[in-house]
1. For segment 90-99, which positions are surrounded by 18 or more Cβ atoms within 10 Å (Cβ to Cβ) and more than 16 Å from Thr191 (Cβ to Cβ)?
2. Open to solvent by 50 Å² or more (accessible area, probe 1.4 Å), touching a strand residue (DSSP E or B) at 6+ places or on another chain (Cβ under 9 Å) and either under 24 Å from Glu202 (Cβ atoms) or in the same structural domain as Glu51 (by TED's automatic domain parsing) (or both) - does that describe any residue in segment 103-113?
3. Let me confirm something: among Gly242, Gly225, which residue is open to solvent by 20 Å² or more (accessible area, probe 1.4 Å), modelled with pLDDT of 95 or more, in a loop (DSSP other than H, G, I, E, B) and closer than 23 Å to Pro137 by Cβ?
4. Confirm whether Ser247 is open to solvent by 20 Å² or more (accessible area, probe 1.4 Å) and either hydrophobic (A, V, I, L, M, F, W, C) or not in a helix (DSSP H, G or I) (or both).
5. How about segment 87-173: which helices (runs of 4 or more DSSP H) wholly inside it have at least 1 residues that are more than 15 Å from Ala237 (Cα to Cα) and hydrophobic (A, V, I, L, M, F, W, C)?
6. Is it the case, given these coordinates, that Gln87 is in contact (Cβ under 8 Å) with a residue 24 or more places away in the chain, closer than 23 Å to Ala240 by Cα and open to solvent by 40 Å² or more (accessible area, probe 1.4 Å)?
7. Is at least one residue of segment 181-193 without any contact (Cβ under 8 Å) to a residue 60 or more places away in the chain, assigned to a strand (DSSP E or B) and either touching a His at 6+ places or on another chain (Cβ under 7 Å) or more than 19 Å from Thr126 (Cα to Cα) (or both)?
8. Is one or more of the residues making up segment 124-137 open to solvent by 30 Å² or more (accessible area, probe 1.4 Å) and more than 20 Å from Val189 (Cβ to Cβ)?
Amino acid sequence: MTTRAALFIGLSLATTVATAQEIRPGSAFLSPEMRRQQSDEARNPGFLWVEQGEELFSRRSGEAPACITCHADPERSLKGAATRYPQVDAGSGKLINLEGRIEQCRTQRQRQPAFGYESPELLGLTAYLASLSRGLPMSVTTDGAAKPYLDAGKAVYERRQGQLNLSCRQCHDDLVGEKLRGDTISHGVGTGYPAYRLEWNEVGSLHRRLRACSLGVRATQFDYGAPEYLALELYLAARAKGLPLESPGLRR
């Protein structure tokens with residue numbers, strides 16, 4: 001190997017490491033006041049959904065067992081679980097996120113109808129389970145069976161889309177810190193979701209935010225839970241590996 005080639009490889013590796021280290025959570029782009037509000041359970045409106053989810057976690061639906069029947073002492077038994085989603089489901093081999101796991105338990109184990117994306121029940125349960133891992137580092141699996149999904153998510157992230165012909169990368173890598181309609185462009189990681197967004201005046205899922213981004217660039221909006229958004233969610237979680245989970249986040 002020539003000295004020039006070695007130097008090039010060394011610089012490339014250094015750039016890769018530096019880029020990974022520079023990725024920051026969404027809260028880093030909030031005003032100091034909004035960061036304080038997000039951290040304060042009494043002032044963060046997202047915790048209203050957490051409380052509803054906690055109540056639902058212990059509630060029986062007809063003859064179906066409550067979630068807590070299988071997951072006793074959730075603050076201990078489920079602590080850290082949310083940091084590992086999305087993940088490949090061992091039974092089906094498909095990629096599922098935390099919402100998908102909740103729906104799977106709902107339909108297969110409780111034998112009840114699915115809640116559906118953006119329903120108050122699913123948002124509440126997802127926010128509650130995510131809150132149990134608040135502050136813990138994201139740790140999704142990206143190798144093995146997850147690797148094809150990761151690659152698919154990266155392809156979605158880098159692909160130009162819509163009438164504006166923009167990719168996620170152009171905003172969330174190249175324009176980080178710039179202003180867009182009064183908001184500061186972040187690295188686009190999903191560590192705060194489900195999140196309370198001021199523009200929604202309620203809690204919403206990451207897929208709701210991804211659909212809004214698709215609409216913003218005049219591209220196809222995929223269905224909630226679509227394979228494209230699930231793969232992208234995994235890629236964003238991989239970018240956030242090691243960053244603390246912040247849900248319920250507070251966003252503009």
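1. So the first thing to find is which residues in segment 90-99 are surrounded by 18 or more Cβ atoms within 10 Å (Cβ to Cβ), and the list is 95-99.
Matches in segment 90-99: Leu95, Ile96.
2. First, the residues of segment 103-113 that are open to solvent by 50 Å² or more (accessible area, probe 1.4 Å): 107-109, 111, 113.
Still in the running and touching a strand residue (DSSP E or B) at 6+ places or on another chain (Cβ under 9 Å): 109, 111.
In the following step, the residues that additionally are either under 24 Å from Glu202 (Cβ atoms) or in the same structural domain as Glu51 (by TED's automatic domain parsing) (or both) were identified as 109, 111.
Yes, segment 103-113 contains a residue that is open to solvent by 50 Å² or more (accessible area, probe 1.4 Å), touching a strand residue (DSSP E or B) at 6+ places or on another chain (Cβ under 9 Å) and either under 24 Å from Glu202 (Cβ atoms) or in the same structural domain as Glu51 (by TED's automatic domain parsing) (or both).
3. Numbers: Gly225 fails: closer than 23 Å to Pro137 by Cβ.
That would be Gly242, the only listed residue that is open to solvent by 20 Å² or more (accessible area, probe 1.4 Å), modelled with pLDDT of 95 or more, in a loop (DSSP other than H, G, I, E, B) and closer than 23 Å to Pro137 by Cβ.
4. Numbers: open to solvent by 20 Å² or more (accessible area, probe 1.4 Å): no; either hydrophobic (A, V, I, L, M, F, W, C) or not in a helix (DSSP H, G or I) (or both): yes.
No; evaluated as a whole, the condition is false for this residue.
5. On the way: elements: 98-104, 120-131, 147-158, 168-172.
The qualifying helices (runs of 4 or more DSSP H) are 98-104, 120-131, 168-172.
6. Values: in contact (Cβ under 8 Å) with a residue 24 or more places away in the chain: yes; closer than 23 Å to Ala240 by Cα: yes; open to solvent by 40 Å² or more (accessible area, probe 1.4 Å): yes.
Yes; evaluated as a whole, the condition is true for this residue.
7. no
8. Within segment 124-137, the first condition is being open to solvent by 30 Å² or more (accessible area, probe 1.4 Å), and the residues that meet it are 134-137.
Filter once more, keeping what is more than 20 Å from Val189 (Cβ to Cβ): none.
So far as segment 124-137 goes, no, none of its residues is open to solvent by 30 Å² or more (accessible area, probe 1.4 Å) and more than 20 Å from Val189 (Cβ to Cβ).
The values are calculated or read from the model by the stated rules, or taken from the named source; none is laboratory data. Just so it is clear, the model here is predicted, and its values are computed rather than measured. Methodologically, a virtual Cβ is constructed for each residue, glycine included, from the backbone with ideal geometry; neighbour enumeration extends over all protein chains shown. We work out accessible area using only protein heavy atoms, side chains counted, and drop any ligands, DNA or RNA first. Shrake-Rupley method; radii C 1.70, N 1.55, O 1.52, S 1.80 Å.
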